[in-house]
1. Can you tell which of Gln156, Gln200 is open to solvent by 60 Å² or more (accessible area, probe 1.4 Å), modelled with pLDDT of 70 or more and either in contact with a strand residue (DSSP E or B) (Cβ under 8 Å, 6 or more places away or on another chain) or farther than 21 Å from Leu226 by Cα (or both)?
2. Looking at the range 159-197, which of the residues that are aliphatic (A, V, I, L, M) and modelled with pLDDT under 65 is most open to solvent (accessible area, probe 1.4 Å)?
3. Does Gln246 satisfy the criteria of being open to solvent by 10 Å² or more (accessible area, probe 1.4 Å), outside any loop (DSSP other than H, G, I, E, B) and within 28 Å of Gly356 (Cβ to Cβ)?
4. In a helix (DSSP H, G or I) and within 30 Å of Pro391 (Cα to Cα): does that describe Ala264?
5. Report whether or not Arg309 is more than 30 Å from Ala376 (Cα to Cα), open to solvent by 10 Å² or more (accessible area, probe 1.4 Å) and in contact with a strand residue (DSSP E or B) (Cβ under 9 Å, 6 or more places away or on another chain).
6. Go through Val385, Val371, Val367 for me and flag whichever is under 30 Å from His255 (Cα atoms), crowded, with 17+ Cβ neighbours inside 10 Å and in contact with a Phe, Trp or Tyr (Cβ under 8 Å, 6 or more places away or on another chain).
7. So Gly324 passes all but one of these: (1) modelled with pLDDT of 90 or more; (2) surrounded by fewer than 22 Cβ atoms within 10 Å (Cβ to Cβ); (3) assigned to a helix (DSSP H, G or I). Which condition number does it fail?
8. So if I check each of Ala373, Ala297, which one is touching a strand residue (DSSP E or B) at 6+ places or on another chain (Cβ under 7 Å) and without any contact (Cβ under 8 Å) to a residue 12 or more places away in the chain?
Amino acid sequence: MTHREVALDGFCDALLDDDPQALYDRAPCGYLSTTPDGRILKSNETLRTWTGYPEAALLQRSFVELLTPGGRLYHETHFAPMLRLQGRVREIALDVVRADGTRLPVLVNATLERDGAGRPTMVRIALFDATERREYERELLQAKRRAEESEQRSRQLAQTLQQTLLPPRQPAIPGLEVAAAFRAAGEGTELGGDFYDVFQIAEGDWVAVIGDVCGKGVEAAMLTALVRDTLRAVVVGLHAPSQALQALNEVLLQHHTRRFCTLAMLRLQHADGSWRVTAGTGGHPRPLVVRPGAAAAEVGGPGPLVGVREQPDFVDEQLVLGPGDAVVLYTDGVTECRSAADFYGDERLRGVVRRGAESAQALVDAVLEDVLAFSAGPPRDDIAVLALRLPPS
């Protein structure tokens with residue numbers, strides 16, 4: 001039987017005996033009475049059983065001598081001052097050193113008694129065996145530490161995987177300004193499906209794409225990698241974005257997943273000193289073209305979600321970039337960002353890109369900063385922005 005079980009068993013016997021002294025001696029907690037300076041005057045049988053000290057040995061000691069070195073320090077700096085000031089202390093965690101040198105974790109309650117003139121006369125102390133509680137607290141601390149370590153590993157894994165879904169460095173196209181930004185939802189610990197990519201097909205022939213795979217987590221990240229790699233493979237032989245989106249749609253349908261994606265895609269071809277752009281989308285916000293002195297306008301034919309229908313109808317739209325013109329691609333984490341009462345929305349985005357069109361980097365920075373300011377806290381969804389601009393001649 002444990003010390004607590006022995007004490008409780010003796011206390012039950014004392015209740016049956018209806019003997020006040022027995023109730024004191026066999027209580028399920030240890031009792032001490034000391035002088036105001038801590039010298040022990042009286043102890044009960046429970047405390048003597050727990051500590052292994054005979055009564056005579058306890059009467060030769062002070063309460064503080066029963067404590068560990070750390071406990072003695074705490075007694076002098078906190079316990080005793082609080083007792084003198086407040087007249088009582090409650091649930092102070094200390095360790096009592098038994099006669100054999102082992103430690104007994106206890107919770108200590110104490111009351112300071114005074115005479116009619118307010119002078120301290122006696123301290124009454126109750127000690128409760130805290131062995132099981134201390135063990136429980138250690139287990140909680142260990143569980144908390146393991147959870148924190150696991151969360152840290154998950155955060156690092158999420159960040160590492162997310163980085164693999166984005167270009168390893170800022171994209172660059174000779175003759176065009178290119179800038180991009182990505183901001184993960186929340187604290188950045190959950191894998192999202194937003195991505196962007198910029199890659200070359202041939203001399204003066206480039207592809208820029210931005211997309212959003214449905215869902216979160218590892219499965220969404222795996223599908224994002226499949227979408228990105230598939231597009232890189234199929235565009236080599238397919239000129240128009242609509243054809244590449246159609247090929248990707250077939251791949252996703254054969255992949256037997258319930259997830260789908262949205263995409264906005266640009267084919268950029270440089271010829272005769274100008275850039276011809278072919279734009280197409282699949283269920284994604286249409287890119288914005290920003291021209292000097294004009295309002296931002298949508299570009300790119302509308303199209304259905306990618307990976308849902310067997311015969312989707314994707315449409316292309318062409319434009320030519322003039323000096324100072326820019327195209328901005330973004331995910332719905334921008335326009336669907338929420339403040340306390342409203343959505344960010346398309347009109348606010350158009351106003352921001354019109355004001356920040358002096359460079360591709362300025363466009364991206366303006367959008368990201370304005371969205372984060374609007375959300376007034378961590379964004380609820382991933383945010384990706386990609387801008388391409390033909391510098392003024």
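1. Result of the check over Gln156, Gln200: Gln200.
2. Leu161
3. So Gln246 fails the test.
4. On the way: in a helix (DSSP H, G or I): no; within 30 Å of Pro391 (Cα to Cα): yes.
Considered against the rule, which asks whether it is in a helix (DSSP H, G or I) and within 30 Å of Pro391 (Cα to Cα), Ala264 comes out as no.
5. no
6. Val385
7. Every condition holds for Gly324 apart from (3).
8. Ala297
The values are calculated or read from the model by the stated rules, or taken from the named source; none is laboratory data. Note that this is a predicted model, so its numbers are computed, not measured. FYI the Cβ positions are ideal-geometry reconstructions off the backbone, even for glycines, and counts take in every protein chain you see. For accessibility, only protein heavy atoms count, side chains too; no ligands or nucleic acids. Shrake-Rupley method; radii C 1.70, N 1.55, O 1.52, S 1.80 Å.
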